Amino acid sequence: MTGRTDDDVRAFGKLVREKRIARGWKQEVLAAEALGNMDRKGYVSKVENGKQANITTENVRKFATALAIDVEFIPLSLRWPAASVEAQDTNTVVHGMKSQLDKLVAAGRDQAREFGVKEGLLIALARRYAEGTPDNFEAALAGLERALEVARIEHERGRLPSNLSAAFDAVIARIDTLNESGDLQGGQAIIDDELTKLDAEDERRLAERFKLYEKGISIAVMARDVENASRFVVAQLDIATPIASDNRFTAFDFAFTEWYQRGLERGLNFDLEVAIALAREGLSRMHDLDSLATMRTNLGIALSTLGERESGMALLKEAVDTYRTILGEWTRDRAPLKWATAQNNLASALSALGERESGTTLLTEAVDAFRAALEVWTPDREPFRRALAQTNLGNALQKLGERESEMNRLEEAEGAYRAALEVLNKDAEPLEWATTQNNLGNTLARMGERESGTARLKEAAVAYRAALEKRTRGRVPLQWAMTMSNLGNVLTRLAQRESETIELEQAVDAYRAALGEWTRDRAPLQWATVQNNLGVTLVALGEREKGTATLLEAVDAYRAALEERTQDRDPPHWAATQNNLGCALLMLGERSGDTALLEEAADAIRKSLKEFTRDHAPLRWAMAMNNLGNVLLALGERENGTERLQEAVDSYLAALEERTQDLVPLAWAATHNSLVIAIQKLRQRKTEAAQITHAASAMRPVSGDRTEWD
């Protein structure tokens, strides 16, 4: 402390005070920053007032460090040893550049005066550029002129009115004060400090925004607002993964999968709608080919899943168009595995769409697409995916087989399912295994319908019950409902052949259980399917009971199904339910003796023939022709004349053109027996008519009325 004077202590104290005030610090803040203890603000006060004569050089260093005070501004007597060396080195450099610095200050003074830049800032700027380019005066001068221009702009900005907070304006004012005094480091220190605070504030605000978006999603779910749910999910993604982030695609894909899986597994159509909205938004934000194709695949999958649940075909058609677009992006040569996935997905959508349209064109396209996928998904390369494609192929073949007379397609479908089950493991892939068991049951049931005996039908029941071991109501409610409905179908057919009422009652229970999950709002087409099948079983029960109560329930079930199964939205199933309704009305009409019900029955069955054409669905056409014959026979028995009876005979004969003994022996036998009865009644009616005519002829001479009997 040799040579220390009171003036040096007071000068240093004044410097500390100016720097502290410029930073906007209170004395306790400086005490904490410099001395590590905010309680030492009294010590800071003494230093600033020049009353701490015995201040140590170490504390001087701490104050200088905290306030970013250059060594050259600290009195020599207060400098710490290392600072003195630094200052000496600095002085050597400064003396070496003094001439250049003086020249820079002189050269910039007029410009500084014009711009309103104070002398202290001019000197500070000149020093920085002199040090930056010590050997190039022209470059240093150009830099100084540019710095003075920036200082002028900053000065003018400071005069403009601000729409920021008063507190923030005060911060800017402190920075300007330091800059004008030449303390650029002090100004920078305040900027860094304020930015740190703003960063913390930004993080807090982002957290608050994220929480609000989370709350918005919850409200959107409660309000069933797809647009807002999607908007807030995307807003969360924008916080978590900014637009330039490499994880942008992954985040969108994850969000889509979360909503889609929940919608798929829990039967939540709203979640599927949100997944579709997210996929569409993702498509608008992706740019590379692979990301676009993957997001488009997500869109197609969600459209297909929701489209299968809803009435109408718009979503399924959009899914088909989406997959065709993908196949234009993922060619077989460029990305064979992805191409195969797109083929499989396209085939599934075509299959679902084809099920709702008359004819076999779309179903045939679906079979071709599945087989294309299987060319790439070989047993060695992709055994699991191949097994899933085999299951899907079986579905399309089964639907085709239902519309064709031959059993070949159904046998191919059975083979596809059994091939899949050789790969799928009940425990490792429980849901996929259960799906294949369910679908195998469907095919066995269709084959069993065309054969005598009950072996295939019993196999189908075994397959359905196996599927229900893994397809539980709690795990996958909609898929559980599907299998329960299918089990009800096969129990009904078994009961019809074995005369077991208990199986019919079990079938009714199965359908009503399925309707607990397949509600009209959640899955309108599936709801209609169960209503139709419930009607079939109630008719079978009604046949075995006296009265009409159960038959009336069946009619109600069919009419409920037709509220969703319209000819425009679902023509094949509309036709099937119209046919079934006609059969139920026939039984009601026969029991009640109400001819009007029989006329309704004939009308319903004739409607079904608008879709069940011989070219598109020969066996279904034959079934409807047989049922129409039954109604016409019942009407003919109640009417005079032979016209209705002749129409009945014609209907039976037409049905037998497709219902051959070799192809469908049971159905052939039923139609053949009905034909025999109709012919007998027709002959009897004609004989009676001939006898009446003969008697009338004998009476003519008596009556004298020839024309009345002609």
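Sort out which residues of the stretch 1-49 are buried (at least 19 other Cβ atoms within 10 Å of the Cβ) and aromatic (Phe, Trp, Tyr), and write them in order of number. Those that are buried (at least 19 other Cβ atoms within 10 Å of the Cβ) and aromatic (Phe, Trp, Tyr): PHE12, TRP25.
Taken over the stretch 535-585, the criterion of being under 22 Å from LEU628 (Cβ atoms) and of a type in the set (Lys, Arg) is satisfied by ARG559, ARG565.
For GLU208, the conditions (1) part of a helix (DSSP H, G or I); (2) of a type outside the set (Lys, Arg); (3) at positive phi all hold with the exception of (3). Against the test of being more than 27 Å from GLU308 (Cβ to Cβ) and β-branched (Val, Ile, Thr), the options THR519, THR501, THR483 yield a single qualifying residue, THR501. Residues in the stretch 6-28 that are within 15 Å of ASP183 (Cα to Cα) and under 60 Å from the mean Cα position of the chain (by Cα): LYS19, ARG20, ILE21, ALA22, ARG23, GLY24. Kindly indicate whether any position in the stretch 299-306 is of a type in the set (Ser, Thr, Tyr) and closer than 23 Å to THR529 by Cα. The answer is yes; a qualifying residue exists.
Once the stretch 254-276 is narrowed to residues that are touching a residue at least 60 places away in the same chain (Cβ under 8 Å) and in a helix (DSSP H, G or I), the residue that is surrounded by the most Cβ atoms within 10 Å (Cβ to Cβ) is ASN269. Can we say ALA142 is farther than 27 Å from GLU194 by Cβ, touching a helix residue (DSSP H, G or I) at 6+ places or on another chain (Cβ under 7 Å) and part of a helix (DSSP H, G or I)? When the stated conditions are applied, ALA142 does not pass them. What are the residues in the stretch 318-367 that are under 18 Å from GLN398 (Cα atoms) and without any contact (Cβ under 8 Å) to a residue 12 or more places away in the chain, if any? Selection gives THR361 alone. Taking SER452, is it at pLDDT below 95 and either in contact with a Pro (Cβ under 6 Å, 6 or more places away or on another chain) or buried (at least 24 other Cβ atoms within 10 Å of the Cβ) (or both)? In short, yes. Could you list, ordered by first residue, the pairs with Cβ atoms under 8 Å in which the first is in the stretch 283-308 and at positive phi and in the same structural domain as ALA523 (by TED's automatic domain parsing) and the second is modelled with pLDDT under 95 and hydrophobic (A, V, I, L, M, F, W, C), at least 6 apart or interchain? Partner pairs satisfying both residue conditions: none exist.
With respect to ILE219, is the statement that it is in a helix (DSSP H, G or I), at pLDDT 90 or above and either more than 28 Å from ARG128 (Cβ to Cβ) or aliphatic (A, V, I, L, M) (or both) true? Judged against the criteria, ILE219 is a match. Of the helices (runs of 4 or more DSSP H) that lie entirely inside the stretch 569-684, those containing 2 or more residues that are among the acidic types (Asp, Glu) and surrounded by fewer than 24 Cβ atoms within 10 Å (Cβ to Cβ) span 595-608, 643-656.
Within the stretch 39-50, residues that are under 19 Å from ILE74 (Cα atoms) and assigned by TED's automatic domain parsing to the domain that holds ILE74 sit with their Cβ atoms under 9 Å from residues that are among the basic types (Lys, Arg) and outside any helix (DSSP H, G or I), at 6+ positions apart or across chains, in these pairs: SER45/LYS51. Per the conditions (1) in a helix (DSSP H, G or I); (2) surrounded by fewer than 17 Cβ atoms within 10 Å (Cβ to Cβ); (3) hydrophobic (A, V, I, L, M, F, W, C), the sole criterion not satisfied by TRP480 is (2). The residue of the stretch 95-114 that is farthest from LEU178 (Cα to Cα), among those that are in contact with an Asp or Glu (Cβ under 8 Å, 6 or more places away or on another chain) and at pLDDT below 80, is MET97.
Within the set ALA279, ALA251, the sole residue that is in a helix (DSSP H, G or I), aliphatic (A, V, I, L, M), surrounded by 21 or more Cβ atoms within 10 Å (Cβ to Cβ) and outside the structural domain of PRO524 (by TED's automatic domain parsing) turns out to be ALA279. Can we say THR492 is in a helix (DSSP H, G or I), touching a residue at least 40 places away in the same chain (Cβ under 8 Å) and over 34 Å from the mean Cα position of the chain (by Cα)? Against the criterion (in a helix (DSSP H, G or I), touching a residue at least 40 places away in the same chain (Cβ under 8 Å) and over 34 Å from the mean Cα position of the chain (by Cα)), THR492 qualifies.
Filtered by the rule that a residue be among the hydrophobic types (A, V, I, L, M, F, W, C) and within 20 Å of LYS317 (Cβ to Cβ), the stretch 280-292 gives a lone residue, LEU283. From the list GLU505, GLU500, the one residue that fits, being without any contact (Cβ under 8 Å) to a residue 12 or more places away in the chain, out of contact with any His (no Cβ under 7 Å at 6 or more places or on another chain) and farther than 28 Å from ALA366 by Cβ, is GLU500. Here GLN52 passes the criteria (1) buried (at least 16 other Cβ atoms within 10 Å of the Cβ); (2) assigned to a helix (DSSP H, G or I); (3) in contact with a Gly (Cβ under 8 Å, 6 or more places away or on another chain); (4) of a type outside the set (Val, Ile, Thr) except the one numbered (2). In summary, ILE239 fulfils each of the numbered conditions (1) within 30 Å of ARG152 (Cβ to Cβ); (2) surrounded by fewer than 17 Cβ atoms within 10 Å (Cβ to Cβ); (3) of a type in the set (A, V, I, L, M, F, W, C) with the single exception of condition (1).
The values are calculated or read from the model by the stated rules, or taken from the named source; none is laboratory data. Everything quoted here is computed from the prediction, not taken from an experiment. Because the Cβ atoms are built from the backbone with ideal geometry, glycine has one as well, and the counts that use them run over all protein chains shown.
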